[in-house]
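Let me begin by presenting the structure, written as C-alpha cells, before commenting on it.
The values are calculated or read from the model by the stated rules, or taken from the named source; none is laboratory data. Since the structure is predicted, the reported quantities are computational estimates derived from the model, not experimental observations. For neighbour counting, all protein chains shown are included, and Cβ atoms are generated from backbone atoms with ideal geometry for every residue, glycine included. When the accessible area is computed, the model is the full protein with side chains, heavy atoms only, and any ligands, DNA or RNA have been set aside. Shrake-Rupley method; radii C 1.70, N 1.55, O 1.52, S 1.80 Å.
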Amino acid sequence: MTQSDREIRQAGVRRTIWRSVAALVGMFAFAFALVPLYDVFCRVTGINGAVDTTAQSIVHEEVDESRMVTVQFITRNGSGLPWRMEVETRQVRMHPGQTTEVHFTFSNQSGGESWGRAVPGVSPATATRHVRKVSCFCFEEQKLQAGERLELPLVFQLARDLPPEVNTVTLVYTLYPVEGKSEPLQTAGAQNKEGEEA
Amino acid sequence: MAPKVPPQPTLEQSTSAVDAGHGHHHAHEAPPKGIMRWLLTTNHKEIGSMYLIFSLIMFFIGGIFALVVRLELFQPGLQFVNPEFFNQMTTMHGLIMVFAAVMPAFTGLANWMIPLQIGAPDMALPRLNNFSFWLLPVAFGLLLSTLLMPGGGPNFGWTFYAPLSTTYAPPSTTFFILSLHIAGISSILGAINIIATILNMRAPGMRMMDMPLFVWTWLITSFLLIAVMPVLAGVITMMLMDINFGTSFFNAAGGGDPVLFQHLFWFFGHPEVYIMILPAFGIVSAIIPAFARKRLFGYASMVYATAAIAILSFMVWGHHMFVVGMPLAGQLFFMYATMLIAVPTGVKVFNWVATLFRGSISFEPPMLFALAFVVLFTIGGFSGLMLAIAPADFQYHDTYFVVAHFHYVLVPGAVFAIMAGVYYWLPKWTGHYPNVRLAQWHFWLSVIGVNLTFFPMHFSGLAGMPRRIPDYALQFADFNFVSSLGAFLFGFSQLLFVAVIILCVRGGKKAPAQAWGEFADDLEWSVPSPAPLHTFETPPTFQRPAH
C-alpha cells in the first residue's frame, strides 16, 4: 500500500466520522424537537384529547335540534393535592350548537393554602376539536385557602360539525398541584368573576 | 448473589481465552505485560475477545436474574422473593440481556470478523475501539451496583415507562440513567468505528456488493445505531431532568405527557430490536451455505431485504402502543406497516431455505444452531404477525404471549445465532475445532430447554396471564411449572457452552486455514488458524468467487 493510498484512506475515514457525528448530533436534537412537534401535532389533530386551553368566543350558529349528544364529566385527583373536585351533574344531554354551563366545586381539605390546576382531556379524540370552551377553570391555576370551597363554571359548546358517529363526549379533568408557586399571578376569586362575565 | 461485577474476571479469562489465539508475534514492539496489555490494547482481535467474554459473563448474570424470576413463578403464590425484588429482577434481566449480553456479543463478533472479512489490518479507529469496550464494564458495574443501593435497583421494566421511572422510581434511577448513557456512548462509538472500517478499509477490488453478508448486516445495523441511540440518550436525559431539575417532559401536572415517553422510547426501541437481529441474519447467511455446500441463494435480495427491514423499522413503533388510545387511522397505519416487514423477512427465510434445497447438508455444531435459528426465529416472526393485528393486540397486550414472542426472536433467534457464530469461528480464533459431542449436547439441551420455557408462554398469554407479576391465578400453574423447568434446563446447559469454549482454547482437533471446507471461503478463511495477532498488513487481492 503506497503512501498516497494510505492518505486517501485516512481522508475517507475522517469524512465518515464527521458525517456520523453530524447525524448523531442531528438525531439528538431531533429527539428534543419531537417534544414541541408532538405537542403541536396533538393540538392540530386533536389526538390525545389535548384541547385548546385558551378561551374561545361563542359562535352563534343554529342549534341542531335533530341531534342529541351525551356529555359526561369525570373529575380525578392527581397525587399530591389535598383537594376535592366535584361536578354538579355527571352527565348532560345537549344539541350541537347549544351553549351549556356546568358548575364544578373545588374544596381544599388541608390546613394550608395551595395552588392547583385542572388538566383537561377529551375522549374520543375525534371530538376534541369540536369542543369549544368559552370559559373554563382549566385555563388558569387556582389558589385555595385552608378549608376554602369554590364553585367555578365551565361554559362550552359542541360545534355543529361534530362527527356524526360521536354520540357521547367525555370531558375529563385531573387535578394536579402547582409546585413552587409563591407569587400568585391571579387569585381564584378574580378568575371566578371572569367566568361569570363570560 | 453478588451482582456487582468488577472488571477483574474479564481480564483474567480473556487472557487465557486469547493467548491460544496468537502464539507467535510479529516484529511489532512487545505489548505491555499483565493487566495493562488488556487496558491499552488496540488490536481488534483482542478487543473482540474482550467484548465476547464480557458478553458471556453478562449473559450468565442476566440468566441468573431470569432464573430468580422463573423460580418465583414455579408455583402460584409468593415463595422466594418479595414483589419489589421480583420487579427488579425482571427489569435487570431485560436490561442486562439487551444492552450487556446481546449487543456486546455482536459488537465483539464484528470486531473480530469484519476486518478479517474485508481484508483490513484492523478497525479504522483502534484507540476509539479500546475506549468503547472499556466503557462497558463501567456502565454495567454501575447498573448492577444499583441493586445494592437503598430503595433497590430499577424496578419499572426494561422499557422504563414514565411515570414509573420518574415520579414513582427508586432513588437509584439517576445511576441507571448514567449507566445507560455510558453504554449508549459505547454503542455509538462502536457503530462509527464499524462504518468507518467498512466504508474505507475494504481490500482493493472488493465492491460493496462483494462484502460478506455479516459485514453488510453490521453496516446497516451501525446506521440504525447512529440514528436511534441519540434518541435513547435524549429520552433518558429528559427523564433525568424530570427527576432532578423539575421539568415536566412526561409529567401531566406540569403540562407534559407520559404517552410522549412511549413514542420516544419506541422510536428508539423498535429499531433496537432489529439492531439485535440483523447481524444474526448475517451470521446465519454465512453458515448455511458453508454446510449446505452451495452458494447463498439470492445474495443481492438479502442485502436489499436487510435495508428494507431497517427502513421499515422506523415506521412501526406505534405497534407497541395500540392500547394507549391511538386514533383508528394510526392503528391501521402501524398495523399494515408492521405486517409489511414480514415481506423482506420472508424473502430472507425463503433464501435460506432455497440455499438448503438440494444442498449437501452436514450437521456440524454451527449448522445445528443456524438451522434451529431459521425454524424458531420464524415461529417468533409468526407470533409477531399475530401481535401486529391491532384488534387482537388489545387481548394480547402485556400478557405472556408478548413474552413468548420476543423471547422466541431473541433467544433461539439472536442468542442462537451468536452461538452459531462462535462455533463457526472458534477454529479461526483458537486453531482448534470445538468438541463435537459436547457441542451436540449443548445444542439439544438448549433447543429442548428453550422450547419448554417459551412455548407454554404462548398459551398462558392467550389465556390472559399478565407479564411482570410475581403471582398468578391457579389455572396458569401447569404452564408455569413447565416454563420454569425448561428455564433451569436451558440455563444450566449453557455451562456446557463455557466448557466447549474452554476446551477449544486449550486444545482439540487442529483446524486448517479454511476450516469449514470450500464453501466457507470469505477472506477470514484465507489467514492461518489460529489467526495471528496481525493480519492483512499488506492488503490481500480480493478475488470474486464465481457466483
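Side notes on the structure shown:
- Euclidean distance of C-alpha centroids, segment B:65-107 and segment B:335-375, integer Å: 30 Å
- Summed over both chains, the area buried between A and B is near 2400 Å², taken from the accessible surface of protein heavy atoms with a 1.4 Å probe.
- Separation of the B:F85 and B:Y161 label points, Cα + 7 Å toward Cβ, nm: 2.7 nm
- Fully extending the segment from B:M208 to B:S301 would add 32.1 nm, taking 0.36 nm per residue of separation and subtracting the current Cα-Cα distance.
- Reduction of at least 40 Å² in accessible surface, 1.4 Å probe, comparing all protein chains with the chain by itself, residues of segment B:308-345: B:P327
- Among the lysines of chain B, pairs at least eight places apart or on separate chains and with Cα atoms under 27 Å apart come to 14.
- Between the helical axis of B:126-145 and the longest alpha-carbon principal axis of chain B there is an angle of about 30 degrees.
- Residue-wise HN-Hα coupling along segment A:68-74, computed from phi with Karplus coefficients 6.51, -1.76, 1.60 (Hz; x: Gly, Pro): 10, 10, 8, 10, 10, 10, 10
- Per-residue average of Cβ from other chains inside 10 Å of A:24-31: 6
- Across peptide B:226-232, the average count of Cβ atoms from other chains found within 10 Å of a residue's Cβ is 5.
- Separation of segment B:162-193 and segment B:230-281, taken as the distance between their Cα centroids, equals 10 angstrom.
- Calculated accessible area for segment B:43-526 comes out at 33 Å² per residue, all protein chains present (probe 1.4 Å; ligands, DNA, RNA ignored).
- Neighbouring partner chain Cβ atoms per residue of A:162-168, average, 10 Å criterion: 0
- Fraction of accessible area attributable to carbon and sulfur, the protein assembly as shown (%, probe 1.4 Å): 64 percent
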